[in-house]
Every structure is written in structure tokens, then in C-alpha cells.
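Encoded as C-alpha cells, the structure appears first; notes follow it.
The values are calculated or read from the model by the stated rules, or taken from the named source; none is laboratory data. Just so it is clear, the model here is predicted, and its values are computed rather than measured. Cβ placement follows ideal geometry from the backbone for every residue including glycine, while neighbour counts extend to all protein chains displayed. Side chains included, ligands, DNA and RNA excluded: accessible areas come from the protein's heavy atoms. Shrake-Rupley method; radii C 1.70, N 1.55, O 1.52, S 1.80 Å.
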Amino acid sequence: RVTATTSNASIRIADVAARTVALHTANAPVSLRALAADQLSVLTTNAAVRGDVRIGSSAVVQTSNGAVSLELGARDDGGAVEDERQITVRSTNNVVELDLDRIEGSFDVATTNSRADVSGRGDLIELRRSSETLKSGRYGDASAARISLTTSNARASLRFAS
């Protein structure tokens, strides 16, 4: 278990593998590099969250007034994987970008006053709802993951790499 809580100080994690990673800060960015976690929780305010992470069962990343730019992949080093991964990424007033590698599932991508984008292999994307500010549907196996990507006043972008 890796836990870090701070205020007005950034959190940087690199080359770590753990069952649970919980990172909480305020007014400071979070940077993740080569992190592997079965369960990931990142909460900050007024700052960006960036990084590359391999996840098992869940990832919750939330900030306000800061951008989120993440590459998430399926953990393949023996970590736990539930029947359905839960991935939630939220911000306000800034861009949210999520690239998924070897993760399929159902998704909701929403924003206000900007664009919601979903990309990947066209033959695997099935949209149930599609407007400029909302994309909802599935990519490949809908039961493999539940993916929620939300922001306001900025672009929300979900990209499936596999």
C-alpha cells in the first residue's frame, strides 16, 4: 500500500507497484510514471494530474481547475483484475485526456462548452449517444470495464489504443 497526503506540495511517484495507491494533495500537481496498482485513487485541486499507470480493478482520478492527461493500461504482472474494471476521471474547467491500452468497455465521455471525443478502431466503437458534448457507448467488450470521463468548460478526450 502506498499512501501520500499533502497540501501545497506536488506528489511524484515513479517505478512503483502496489495493490493500493492513494494520493491526496491540494493546490499541487500529481505526476505518475511507470506506476502499477490494483486500485488507484488520486485527488487534488487546482492542479494537473499526469502520468502512465497500469491498473488492475479500479482507478479514480479527480481534480478541479487542472488538466488530466493519463495513459492507463491493463496490469499484466499478476495484479488483481475484477470482472469489470472501474475507471473514473474527473476535472472542472480544464482538459481531460485519457489513453487506454488493452482496456475495452462501456464509456461515458461528457463535458460542457467544448467537445467530447472518442477514438480508436472504428469497428470496435459503438455509440449509443453522440453529441458534441457527450459520447456514450462501448468499445469492444462492454463488460470488461466501466469508463467515465467528465469535465466542464474544456475538451474531454478518450482514446482506445488497442
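Residues in the stretch 122-136 that are open to solvent by 40 Å² or more (accessible area, probe 1.4 Å), among the charged types (D, E, K, R), touching a residue at least 12 places away in the same chain (Cβ under 8 Å) and within 21 Å of S152 (Cβ to Cβ): E132 only.
Any idea how many residues of the stretch 143-162 are in a loop (DSSP other than H, G, I, E, B) and either without any contact (Cβ under 8 Å) to a residue 24 or more places away in the chain or more than 19 Å from I55 (Cα to Cα) (or both)? I'd like the intermediate steps shown before the answer.
Pass one, the stretch 143-162, residues in a loop (DSSP other than H, G, I, E, B): 143-144, 151-155, 161-162.
If we keep only those that are either without any contact (Cβ under 8 Å) to a residue 24 or more places away in the chain or more than 19 Å from I55 (Cα to Cα) (or both) too, we end up with 151-155.
Counting residues in the stretch 143-162 that are in a loop (DSSP other than H, G, I, E, B) and either without any contact (Cβ under 8 Å) to a residue 24 or more places away in the chain or more than 19 Å from I55 (Cα to Cα) (or both) gives 5.
Listed by position, the strands (runs of 3 or more DSSP E) enclosed by the stretch 1-97 that each have at least 1 residues that are modelled with pLDDT of 95 or more and buried (at least 19 other Cβ atoms within 10 Å of the Cβ) are 11-24, 30-43, 49-62, 68-74, 85-90.
Would you check which residues across the stretch 104-121 are of a type outside the set (A, V, I, L, M) and surrounded by 13 or more Cβ atoms within 10 Å (Cβ to Cβ) and list them? Lay out the reasoning, then the answer.
Step one: list which residues in the stretch 104-121 are of a type outside the set (A, V, I, L, M), which gives 104-108, 111-115, 117, 119-121.
Scanning the stretch 104-121 gives E104, G105, S106, F107, D108, T111, T112, S114, R115, D117, S119, G120.
Select, from A156, A74, the only residue that is of a type in the set (A, V, I, L, M, F, W, C) and touching a Ser or Thr at 6+ places or on another chain (Cβ under 8 Å).
Working: A74 fails: touching a Ser or Thr at 6+ places or on another chain (Cβ under 8 Å).
The match here is A156.
Cβ separations smaller than 7 Å between residues 6+ apart or across chains give the following pairs from the stretch 97-120 residues that are in contact (Cβ under 8 Å) with a residue 24 or more places away in the chain to residues that are among the β-branched types (V, I, T) and open to solvent by 40 Å² or more (accessible area, probe 1.4 Å): A110/T133; A110/T150; T111/T133; T112/T133; A116/T133; V118/I125. Taking the numbered list (1) within 30 Å of V16 (Cβ to Cβ); (2) in a strand (DSSP E or B) in turn, I103 passes all entries but (2). Checking the conditions here, which among G140, G66, G56 is in contact with an Asp or Glu (Cβ under 6 Å, 6 or more places away or on another chain), under 20 Å from I13 (Cα atoms) and either touching a residue at least 40 places away in the same chain (Cβ under 8 Å) or not hydroxyl-bearing (S, T, Y) (or both)? Sole residue among the options that is in contact with an Asp or Glu (Cβ under 6 Å, 6 or more places away or on another chain), under 20 Å from I13 (Cα atoms) and either touching a residue at least 40 places away in the same chain (Cβ under 8 Å) or not hydroxyl-bearing (S, T, Y) (or both): G56. Scanning the stretch 106-124 for residues that are more than 24 Å from N94 (Cβ to Cβ) and at pLDDT below 95 gives R121, G122, D123, L124.
Within the stretch 151-161, is there a residue that is in contact with an Asp or Glu (Cβ under 6 Å, 6 or more places away or on another chain), open to solvent by 30 Å² or more (accessible area, probe 1.4 Å) and of a type in the set (G, A, S)? Yes, that holds for at least one residue.
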